[in-house]
1. Return the only residue of Asp21, Asp53, Asp62 being surrounded by 11 or more Cβ atoms within 10 Å (Cβ to Cβ) and more than 16 Å from the chain's Cα centre (by Cα).
2. Would you please name the residue that is modelled with the lowest pLDDT, looking only at residues in the range 19-56 that are touching a Phe, Trp or Tyr at 6+ places or on another chain (Cβ under 8 Å) and over 21 Å from Asp69 (Cα atoms)?
3. Being of a type in the set (D, E, K, R) and either in contact with an Asp or Glu (Cβ under 9 Å, 6 or more places away or on another chain) or under 24 Å from Gln1 (Cα atoms) (or both) is the filter here, so list the residues in the range 15-70 that pass it.
4. For the range 1-38, give me each residue that is of a type in the set (S, T, N, Q) and in a strand (DSSP E or B).
5. With the requirement that a residue be in contact with a Lys or Arg (Cβ under 8 Å, 6 or more places away or on another chain) and within 13 Å of Glu67 (Cβ to Cβ), what does the range 1-14 give you?
Amino acid sequence: QELYVRIEAPKGELGIFLTGDQNGFPWRWKIHPLGFINLQILPQLVKKMKLADIMTILGSIDIIMGEVDR
């Protein structure tokens, strides 16, 4: 049995994926953090921009690199 839940959070959408059997305990629990989802738009944001502007763009979408470092 699989379940995916999306929760609206202050910085965007938080996704939680659960996999398990019928015993009531999850076999696998995966969290899609907000920064990981928001970071996927970065290639479209930095097109035709200067290299020095990348840090400003990252700051504007409030990415926490610790949560996207996998």
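1. Residue meeting the stated conditions: Asp53.
2. So the residue we want is Asp21.
3. Within the range 15-70, Asp21, Arg28, Lys30 qualify.
4. Thr19
5. Residue satisfying the conditions is Leu14 alone.
The values are calculated or read from the model by the stated rules, or taken from the named source; none is laboratory data. As the structure is a prediction and not an experimental result, all values here were calculated from the model. Virtual Cβ from ideal backbone geometry, glycine too; neighbours counted across all protein chains shown.
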